[in-house]
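Student: Would you mind keeping the following structure in view while I ask a few things?
The values are calculated or read from the model by the stated rules, or taken from the named source; none is laboratory data. In this text, all values refer to a predicted model and were calculated from it rather than measured experimentally. Ideal geometry is used to build each Cβ from the backbone, glycine not excepted, and the neighbour counts take in all protein chains shown.
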Amino acid sequence: MTRLDRFFLFANKVEEALASFAPSTAKCLIHGCGGTLRADGPNNGPVLGGEAGISFTCLECSAKFVAQITDPQGPGVREASVLSISIPTYDNEQIRIVSPGARGRGGVLTAFQLDVTGRLDLFTTEILQKAWLTLPTPRRALIGLCDVSEVTSAGATALGSLCHDARDRMVMLRQADEHETQSSMVPLRIYATVEAALQALGEIPGESRMPSVLSLKDPDS
Ligand SMILES: [Zn+2]
């Protein structure tokens, strides 16, 4: 019965089998990781408000990449432009890097946006720092705090010192309702609209807007 067992084992892993038909591996781009990305399989559903992509998960840091194949180059290697990267923090909480050109909350993004969902404490600020350091230099980003549930004082202090290179710039964004007191959250100015945040961010050089590119390798290459 070994062969039959094998067959069922195979059938149970149909998703993995499907994934093996997709471009299979790439290198994780998260700062300091360098782990291997494995394709989760073709993802034809709408992601990021209309864009379709292929998703990958890093076997090392569990970051989830959504990317679009941009340049078929024949067998062996293809390239995919990264639309977003989600790095898990706590259960159902994450830091998400959304690339310029992808669709964000306020329409198509013209700068990188780092969205924090859930707690903002010392641990998640360390993850946020990795996400920040993953961006192309000079770094320009909106830090989206719309979905932050709570901020610890250690997290707020760490957030305040995240951007320490004079060539880089980040601005905080929280589209809050008028009853909310914004300044108590973090020791930085928080902008209530994407337009105001972008204006504060100032000119965004072309190299600061370059979405990351994955070099995809087929399983057998
Ligand atoms: Zn990784």
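Student: If I filter the range 148-178 down to residues being of a type outside the set (Gly, Ala, Ser) and assigned to a helix (DSSP H, G or I), which single residue comes out as surrounded by the most Cβ atoms within 10 Å (Cβ to Cβ)?
Tutor: Top of the filtered list is 159.
Student: Checking residue 83 against (1) in contact with a Gly (Cβ under 8 Å, 6 or more places away or on another chain); (2) buried (at least 17 other Cβ atoms within 10 Å of the Cβ); (3) farther than 17 Å from residue 210 by Cβ, which test does it fail?
Tutor: It fails just one condition, (3).
Student: Enumerate the pairs (first residue in the range 188-199 and exposed (fewer than 14 other Cβ atoms within 10 Å of the Cβ); second residue anywhere and at pLDDT 90 or above) with beta-carbon separation below 7 Å, excluding pairs fewer than 6 apart on the same chain, so at least 6 apart or on different chains.
Tutor: Close Cβ pairs satisfying both conditions: 189/172.
Student: Can I ask one more? If I filter the range 50-80 down to residues being part of a loop (DSSP other than H, G, I, E, B) and at pLDDT 75 or above, which single residue comes out as surrounded by the most Cβ atoms within 10 Å (Cβ to Cβ)? Steps first, answer last, please.
Tutor: Of all residues in the range 50-80, those part of a loop (DSSP other than H, G, I, E, B) come to 50, 59-63, 72-76.
From what is left, the residues that are at pLDDT 75 or above are 59-63.
On the way: 59: 12, 60: 13, 61: 16, 62: 15, 63: 26.
Step by step, filter the range 50-80, then rank; the result is 63.
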